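Every number here is computed from the coordinates shown, using simple stated rules; none is lab data. Everything numeric in this text was worked out from a predicted model, so none of it was measured. All Cβ positions, even for glycine, are placed from backbone atoms using ideal geometry, and neighbour counts span all protein chains on display.
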Amino acid sequence: MTAASHTIRQLNDTVINQIAAGEVIERPASVVKELVENALDAGSTRIEVATAGGGLSLLRVTDNGGGIAPDELPLAVSRHCTSKLTDDIHDIRSLGFRGEALPSIGSVARLSLRSRPEGADSAAEIAVEGGRVSPVRPVAANRGTTVEVRDLFFATPARLKFMKSERAETAAITEVVKRMALAFPEVRFTLTGSDRNTLELPAVPADGEGLLRRIAQVMGKDFSENTLPIEAEREGVALSGHVSIPSFSRGNAMLQYFYVNGRPVRDKLLTGAIRGAYMDVLPRDRHAVVALFISLDPALVDVNVHPAKADVRFRDPGLVRGLIVGAIRHALEISGMRASTSGADAMLAAFRQPEHAAPGGFSGGGVETGGGSAHYRYTPPPRPAQDWRLDTSPTRPLDMTGSASIAGAAPAAGGFSAPAQSAFDVGAGLSADARAGEVEAAPELMRSPLGAARAQVHENYIVAQTEDSLVIVDQHAAHERLVYEALKEALHSRALPAQMLLLPEIVDMPEEDADRVAAHAEFLARFGLGLERFGPGAIAVRETPSMLGKVDVPQLVRDLADEIAENDTADTLKERIDHIAATMACHGSVRSGRRLRAEEMNALLRQMEATPGSGTCNHGRPTYIELKLTDIERLFGRR
């Protein structure tokens, strides 16, 4: 290395802007995020986004906001120029504030900025191409601002090699617009382009009902039908939004939307809080669907820890995490019995026959599923080769064997033996397992959420009836949850028994980890783990929880230290104890194949109604499915 290479020099503005672009502008979706944030900060009520080529060929964002004065356009495309920041850098009340987006975009693309302020007679435009700024010129335009970006990354072609497919970039832009739209329901968003289907998100009132409508627009109607409202506040931090019931989950965390003071963020503290809140009701490979909004004093959160403002840092992360976990668990406890509507949809789909011809002369399976409803199409069956007879038909009812089983049968025209009695005596041919309740259900039971037990099918599924629905309960999964909740209540209502180690186990660890663990010693002692500091970089463990049996003490303590460092909690030990309780519940619950009496089935249903979280078992599977009478009627073409 030569001496000249060590010479300190000032980089030119183009290189500075390209470096900033490398931090802020990762892909076309990053450009859309910055431009939409500017439009929202300008007070827009209508934002239109147009794309082509996955955003690499064209990105255009048009708004009806306050606009930019012609003499301020050169400042708008200059670094560190902003109208959104006061003298107090910690008092940030807008989405965009760094003043780097437009100059960064202009340094790597062909940018044009056209704007007309409110009350102005004309508009003006400025262009930036690869960092070169053109003079301001007058143009014709409506009130508001239009930013057009063409040939993104043409000035830095190496960055183009890292772009994904056009379809993937288009999907990323759509996701950005949806995330912004969820935080601003009163704004109308339109997303168009030659590379996509048009997305229209009409403006809705900025109240609870309006937010739920916007949630349905963005996240789907299924989520809006399977949510629990969240409303909580603690020490100046307010939390609101909606979370899914346990039986409605996804295989990934893509549908988890978090907002801090209106800013969409992705934060591992928040995702960890969701995982902790649903720990008892969802398996580890399933994820809740949430849309949560956190509001707090801007001084209590640092939104400037990431150039793209995707991450935030809370002054008191333990407070925020505790608020989220506590609010969601409380909502789950008071929600009562809720079955996912997707379970009923899957059940209806299972009943629908495939499109190929079915036995008995029905063509096309008898069902068409267009527009979400069932349509029945009947094709007359072919004429049989010989006359149909009850005693020889393979489809005869139950175990009836012709005239011997039918009292006083009289021959009918065509050889059909019609019964003289008004109905078959079907009860004698059925097993007790499949027979419905012979006694009329009590009206008060029918009015309860899970209704009255009417039958047990295959010695595992309880069929119950409410005033307007049919309920099918998995008796093993349901009782497993009941036993688990009872065990947890017994375990956590008092200090757990501990077993004294013959010799204390010394665990060497970094001093800061030892400090963290020692600070939670009192909490850990409630769960049977007795420990204390042993010198500057070690922990002495004297007792372990009896129910854990033989335990790898060093690994347990290090896992606790890692979790405390990340989340400021010591829930790892609690999770292990809960896992043992879940295992005990699984083996101690009513097993599949056990026949239950009517009073036992009804008792199980009443316990489920009184137990929080009983809609799912310990493994996250649904314990019951509810099928509304209207769904059944639709299945049979009555609606």
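Below, the figures for the structure above:
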{"read-out": "In region 119-178, the residues that are of a type in the set (F, W, Y) and at negative phi", "value": "F154, F162"}
{"read-out": "Per-region count, region 559-580, residues surrounded by fewer than 17 Cβ atoms within 10 Å (Cβ to Cβ) and farther than 22 Å from L282 by Cα", "value": "2"}
{"read-out": "Residue, farthest from I577 (Cα to Cα), within region 532-559, restricted to residues that are assigned to a helix (DSSP H, G or I) and of a type in the set (S, T, N, Q)", "value": "Q555"}
{"read-out": "Residue count, region 498-515 (criterion: of a type outside the set (A, V, I, L, M, F, W, C), under 20 Å from P545 (Cβ atoms) and in contact with a helix residue (DSSP H, G or I) (Cβ under 9 Å, 6 or more places away or on another chain))", "value": "2"}
{"read-out": "Of residues in region 493-531 being of a type in the set (D, E) and part of a helix (DSSP H, G or I), the one farthest from the chain's Cα centre (by Cα)", "value": "E511"}
{"read-out": "Complete set of residues in region 48-63 that are on the phi > 0 side of the Ramachandran plot and either buried (at least 24 other Cβ atoms within 10 Å of the Cβ) or in a strand (DSSP E or B) (or both)", "value": "G54, G55"}
{"read-out": "Helices (runs of 4 or more DSSP H) contained entirely in region 207-320, each with at least 3 residues that are free of Cβ contacts under 8 Å to residues at least 60 places away in the same chain, more than 15 Å from the chain's Cα centre (by Cα) and surrounded by fewer than 19 Cβ atoms within 10 Å (Cβ to Cβ)", "value": "208-219"}
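Conditions tested, residue by residue: (1) over 21 Å from R321 (Cα atoms); (2) in contact (Cβ under 8 Å) with a residue 24 or more places away in the chain; (3) out of contact with any Asp or Glu (no Cβ under 7 Å at 6 or more places or on another chain).
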| site | (1), (2), (3) |
| --- | --- |
| E489 | yes, no, yes |
| R494 | yes, no, yes |
| I506 | yes, yes, yes |
| V517 | no, yes, yes |
| A538 | yes, yes, no |
| G549 | yes, no, yes |
| I577 | yes, yes, yes |
| C586 | yes, yes, no |
